[in-house]
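The values are calculated or read from the model by the stated rules, or taken from the named source; none is laboratory data. On a predicted model such as this, the values are computed, not experimentally measured, just so you know. Using ideal geometry, Cβ is built from the backbone for each residue, glycine included, and neighbour counts are taken over all protein chains shown. Side chains included, ligands, DNA and RNA excluded: accessible areas come from the protein's heavy atoms. Shrake-Rupley method; radii C 1.70, N 1.55, O 1.52, S 1.80 Å.
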Amino acid sequence: MFRFLHAFKGVKYYLFVSFILWTSILVPKFALAQTDSLKANNLKEIKITQKRSSLQNLSPTPLQILNGTALKKLNSLSVADAIRYFSGVQLKDYGGIGGLKTINVRSMGTNHTAVFYDGVQLGNAQNGQVDLGKFSLDNIEEISLYSGQKSELLMPAKAFASASSLYLKSIVPTFEANQNRNFRIALKTGSFGLIDPSVTYNQRLNHKLSVSLNAELINANGKYKYRYTNSVYDTTVVRHNADIFAKRIEGGLYGTTADSSIWQLKLYNYNSERGVPGAIVANRFEFPQRQWDDNFFVQSSYQNNFNKKLQFLVNAKYAYDFTRYLDPERVSLSGALDNRYAHQELYLSFASQYHLTKYWDLSLSTDYTFQKLDANLENFAYPERQTGLIAFATKLSWQRFSIQGNILTTLVADRVKNNSPAGDKAEYTPTLMASWQPFAKDNLRLRAFYKSIFRMPTFNDLYYTFIGNSKLNPEYTTQYDFGFTYSKSFERKRLTNISIQADAYYSAVRDKIIAIPTLTLFRWTMVNLGKVEVKGLETNIQSNWVIDQVQVIAKANYTYERALDVTPRSEVFGQQIPYIPINSGSITFGVDYKNFGFNYSYIYTGERYSQKANIPVNYVEPWYTHDLALRYSFTVAKINYSIATEMNNVFNQYYDVVLNYPMPGRNFRITLITKFN
Amino acid sequence: MKKSLSIKLITAVCLSTILWSCRKDKGVTPEEQIQLPGQGITAVNGLYVLNEGNWGSNKSSIDYYDYATGVYRRNIYGQANPGATLGLGDVGNDIKIYGSKLYVIVNGSGKLEILDVKTAKKLSQVDISNCRYVTFHKNKAYVTAYDGYVAVIDTASYKIDAKITVGRQPEEMAVVGEKLYVANSGGYSSSNYERTLSVIDLATNKEAKRIDVAINLHRLKADQYGDLYVTSRGNYGDIKSNLYVIDTKTEAVKKKFDIEASNLVIDKDFAYIISTAWSNTTMSTVVSYSKINVKDESIAAGGFITDGTQKEIVMPYGIAVDPISSDIYITDAKDYVTPGTLYLFDKTGKKKFSVATGDIPAHLVFYTK
């Protein structure tokens, strides 16, 4: 049972040796400073930093951004790894490369965070969750998280329709002067038997049109050691059935028209097969369940800029998501359990913004979504959902003060072939937000927002055979947030920039629908938690330093959160809800010197309870990981190379984010990237 | 130089606080003790309570109520067996005593645990994947497994002697004379449930015949008159659960009660039945308690809780009757993810006490002298 795989050990030592090799042997050899490109890079980075900090400073809703180089510096393979550095966020991580990873912002629950890919929401009416582990950082330029919503007016109605929004922006091709194409080839390898090659090809077809192609393969055996101990027993086992083989292809066409309108057409396909490793329980360390995914979408957007008074934004999307789940242990008369789900979505959005006066803007956005789920289950409901969203928003803004508000109308109608559908819904929900700079000289801004919104019960909540309940109500959230942002830049000082944002918030979730994983990740038990009150504090501090040729970025995040079950008459009234730590935070520390980059990051998640009752048997230990990365880049014969080595979880801490789903201990990764024209 | 010094300071402070902060060692979770009224010195030493714990949570646990001292010891397995990796395991599904040993079926962990009945210390383990229930006859333990067989285990050597093929997803068993009766559910094929009891000849360890009863059979208890009480779970839809009596002499259905039944226990001349059903009209669980005289198979009026305290019980799940006092124990599984409650009622149906248990208290067994 407790196998120590020699092969596995071998890989680990190989990686460790490689890490030393890369850092000590190769690095000095290539230490030929490319000062020109370095300068350019530094300038670019400072620009990005300034842009980000001014966006964050002005936003009336808390905004956290990771972009460009900051994103590359973090020891992250997928979007899920990167968002661990945000405050107010809990990542539900089932461990390993293929494990389900979902985001929970301010303890309101996964389903309250909308995830947007290039401006269009990744919709999933089946379970309302987006597995962020499926989104590789290979082709991501920027990740931004808005608590509440984005404060823009010209955006799809869906952007008004959730309690918080995570925006993923893919890399838009850029070309140097006199260059019409470029290539990027990357290879990542390391622990878990990871082999992850990717290739990007960008071509400028003419001055108004460019094309981008990006493809990636992720192959890993997913094996890693984990350890459980109570100080008497001490068991180390290798995680099995955590392998993954995934293919991702993205293509984009990026155009501008004669009237300087911009448009985009995007194709995306992600296809994978993986093991579903299962909950580790006494006497059970191996599982045979498998899962296949095929996610395809085509989306297009068009933004019209020809008129200064009136702007349009049009979005359209078709998505097809297929999932197959095979459980060889559950054999019925028709063979092993083999569930197949096909989710389709058609989405159309039309948004317009009108500049009434210099200070006053109005906008109207209307979205239509059609979603449909097929499955090979007996007595399946075959649900179809039509959703209409109408958002009316207005904004008054002056140099030092802005206020904006919107009303969102949501119309939902479900149809089912079997059993009874959920009743039609019509909901009207408001948002109000403001930002104020009290002193003209100081870059201090106070901000506040109020937002009321809900999430619809998913198809699984409503129609899943035996578990579903078509009489479920939407789950409502009400949020209040009050905070400040402050930033200051210094000329000719070592400390070049410091920015701080801090927010206190209160959220209430009522009619909360909670899903707790049962035998496998794929099957859930519906639990109605009823009512939750969340009181929290979030702070982010960032400082940039330049000391001679050394640039230093130091960041810290801290979140304090009480998320209490306040369901009337509940036996756990006033207790912290499952999996929400009271204290959590992260620290990152980056140093750049010439062509070298070093990054250290630390993530802390405090003690939690795995179930509703805050009692000793449900106690889950805190966990904290230290990650290190070293990068070196150089250019030889017009080809730019960069090598990054990472050591994650340096002190080899064994921990569970989700009880009985062990996380990897110390692990390594090497990334090689070449760019050329 | 000031600034670089401050960087160093910040870094040093950050690193040292982080690196030296330590997790408190979880260690062995000790049992908890709650003082309850004692039950005096009788032929019963106490009551073992097996808590299932939710699927995948690995939170199955054992409690023990000591009759003489009145001490309720919650979560005793960990302290008694600190060396057992990850504890008792996932979803305890049955607990029985045979001789001086306590047998515990742990379904999600795929094992039959054999413990010393006095100390709850582990003696041995038999791996049986997806095992469900255990029963005994002449120094053999019989264990149903969802793969469609009954494992025959020698209680001295703990070896599996034989596997007897029965129906799909077999559940509870009962021994009458030299025959073992097995309730087949076929629960994995909802369009084609099993609807039979398997009859096993214990002399040959072979399935002799099947008795047609109803779909999706689950509970199976023998009375002292040679009858079997068997429940059908129905299809969770239009076909409700039901209770049947089988005469082992004719090996045929003798009576259908047309009452819903989710669990039952038989003590001397009475069967105590609890029923939890889902009502789509009220969107709530409908709970009922009924009592049947097994001598003449008549339903006694008024159930068996008489003081109105049944309103406290959200989800009655396990039931047992003290063989000496005929006091009735009922467990409340509540929402399946919070600690449950064990209730004790006297034989007239008045509540004596209640106490918090582990998650999903479900299976009860009396430790007798």
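Rundown of residues vs (1) crowded, with 16+ Cβ neighbours inside 10 Å; (2) assigned to a strand (DSSP E or B), yes/no style:
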| position | (1), (2) |
| --- | --- |
| A:Thr200 | yes, yes |
| A:Leu205 | no, yes |
| A:Val211 | yes, yes |
| A:Asn214 | yes, yes |
| A:Asn219 | yes, yes |
| A:Gly222 | yes, no |
| A:Tyr228 | yes, yes |
| A:Val232 | no, no |
| A:Val237 | yes, yes |
Starting from the range A:427-452, take each residue that is closer than 21 Å to A:Glu475 by Cβ and list its partners that are open to solvent by less than 70 Å² (accessible area, probe 1.4 Å) and in a loop (DSSP other than H, G, I, E, B), counting only C-beta distances under 6 angstrom and pairs at least six apart or across chains. A:Phe449/A:Pro60; A:Phe449/A:Thr61; A:Phe449/A:Gly148; A:Lys451/A:Gly148
Yes/no for B:Ala156 being facing another protein chain (nearest Cβ under 10 Å), open to solvent by 10 Å² or more (accessible area, probe 1.4 Å) and of a type in the set (A, V, I, L, M, F, W, C): no
Could you run through the range A:463-485 and say how many residues are open to solvent by 20 Å² or more (accessible area, probe 1.4 Å), modelled with pLDDT under 95 and assigned to a strand (DSSP E or B)? 1
Which one is farthest from the chain's Cα centre (by Cα) among residues in the range B:337-367 that are surrounded by fewer than 21 Cβ atoms within 10 Å (Cβ to Cβ) and under 20 Å from B:Ile105 (Cα atoms)? B:Tyr367
Wholly within the range A:62-179, strands (runs of 3 or more DSSP E) carrying at least 1 residues that are open to solvent by 20 Å² or more (accessible area, probe 1.4 Å): A:89-93, A:101-105, A:140-147, A:164-170
Could you list, in sequence order, all residues of the range B:132-152 that are open to solvent by 10 Å² or more (accessible area, probe 1.4 Å), in contact (Cβ under 8 Å) with a residue 24 or more places away in the chain and under 21 Å from A:Phe287 (Cβ atoms)? B:Arg132, B:Tyr146
Selection from the range A:600-619 of residues that are under 30 Å from A:Thr567 (Cα atoms), facing chain B (nearest Cβ under 10 Å) and under 24 Å from the mean Cα position of the chain (by Cα): A:Tyr604, A:Glu607, A:Ser610
Where residues in the range A:302-341 are of a type in the set (Lys, Arg) and at pLDDT 95 or above, which of them is surrounded by the fewest Cβ atoms within 10 Å (Cβ to Cβ)? A:Arg340
Test B:Gly70 against the stated conditions and say whether it is surrounded by fewer than 18 Cβ atoms within 10 Å (Cβ to Cβ) and touching a Pro at 6+ places or on another chain (Cβ under 7 Å). yes
Quick check on B:Tyr103: is it open to solvent by 10 Å² or more (accessible area, probe 1.4 Å), in a strand (DSSP E or B) and either over 24 Å from B:Tyr317 (Cα atoms) or among the hydroxyl-bearing types (Ser, Thr, Tyr) (or both)? no
I'd like to check something: does the range A:369-378 contain any residue that is surrounded by fewer than 21 Cβ atoms within 10 Å (Cβ to Cβ), basic (Lys, Arg), more than 24 Å from A:Lys451 (Cα to Cα) and in contact with a strand residue (DSSP E or B) (Cβ under 7 Å, 6 or more places away or on another chain)? yes
Scanning the range A:360-376 for residues that are out of contact with any Lys or Arg (no Cβ under 9 Å at 6 or more places or on another chain) and either at positive phi or not in a strand (DSSP E or B) (or both) gives none
Please pick out the residue among A:Val572, A:Val657, A:Val566 that is of a type in the set (Val, Ile, Thr), in contact (Cβ under 8 Å) with a residue 12 or more places away in the chain, touching a Lys or Arg at 6+ places or on another chain (Cβ under 6 Å) and under 26 Å from B:Gly87 (Cβ atoms). A:Val572
Neighbours by Cβ (under 6 Å, 6+ apart or cross-chain): first from the range B:167-188, over 18 Å from B:Ser241 (Cβ atoms); second among the charged types (D, E, K, R) and crowded, with 24+ Cβ neighbours inside 10 Å: B:Gly167/B:Glu194; B:Arg168/B:Glu194
Among the residues of the range B:118-131, write down those that are away from chain A (no Cβ under 12 Å) and either open to solvent by less than 10 Å² (accessible area, probe 1.4 Å) or free of Cβ contacts under 8 Å to residues at least 40 places away in the same chain (or both). B:Lys118, B:Thr119, B:Ala120, B:Leu123, B:Ser124
Candidate set from the range A:374-391 (those that are of a type in the set (Asp, Glu) and over 12 Å from A:Tyr341 (Cα atoms)); member that is modelled with the lowest pLDDT: A:Glu378
Could you check the range B:77-101 and list, in sequence order, the residues that are of a type in the set (A, V, I, L, M), more than 7 Å from chain A (Cβ to nearest Cβ) and under 16 Å from B:Gly358 (Cβ atoms)? B:Ala80, B:Val91, B:Ile95
Which one of the conditions (1) within 14 Å of chain B (Cβ to nearest Cβ); (2) open to solvent by less than 20 Å² (accessible area, probe 1.4 Å); (3) not in a strand (DSSP E or B) does A:Ile580 fail to meet, given that it meets all the rest? (1)
Can you tell me how many residues within the range B:45-72 are of a type outside the set (Ser, Thr, Tyr) and within 14 Å of chain A (Cβ to nearest Cβ)? 10
Quick one: is A:Asn460 within 13 Å of chain B (Cβ to nearest Cβ) and either at pLDDT below 90 or part of a loop (DSSP other than H, G, I, E, B) (or both)? no
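Report whether or not A:Phe634 is within 11 Å of another protein chain (Cβ to nearest Cβ), within 24 Å of A:Ala70 (Cβ to Cβ), in a strand (DSSP E or B) and of a type outside the set (Ser, Thr, Tyr).
On the way: within 11 Å of another protein chain (Cβ to nearest Cβ): no; within 24 Å of A:Ala70 (Cβ to Cβ): yes; in a strand (DSSP E or B): yes; of a type outside the set (Ser, Thr, Tyr): yes.
No.
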Out of all the residues in the range B:314-326, which are assigned to a loop (DSSP other than H, G, I, E, B) and open to solvent by 10 Å² or more (accessible area, probe 1.4 Å)? B:Val314, B:Met315, B:Pro323, B:Ile324, B:Ser325, B:Ser326
Run down A:Gly190, A:Gly251 and say which single residue is under 26 Å from the mean Cα position of the chain (by Cα), surrounded by 15 or more Cβ atoms within 10 Å (Cβ to Cβ) and more than 28 Å from A:Asp656 (Cβ to Cβ). A:Gly251
If the requirement is being touching a residue at least 24 places away in the same chain (Cβ under 8 Å) and over 19 Å from the mean Cα position of the chain (by Cα), which of these qualifies: B:Ser275, B:Ser290? B:Ser290
Failed condition for A:Glu286, given (1) within 24 Å of the chain's Cα centre (by Cα); (2) surrounded by fewer than 16 Cβ atoms within 10 Å (Cβ to Cβ); (3) under 30 Å from B:Asn58 (Cβ atoms): (1)
A:Glu561: passes all of (1) surrounded by fewer than 18 Cβ atoms within 10 Å (Cβ to Cβ); (2) within 30 Å of A:Arg510 (Cα to Cα); (3) among the charged types (D, E, K, R) but (1)
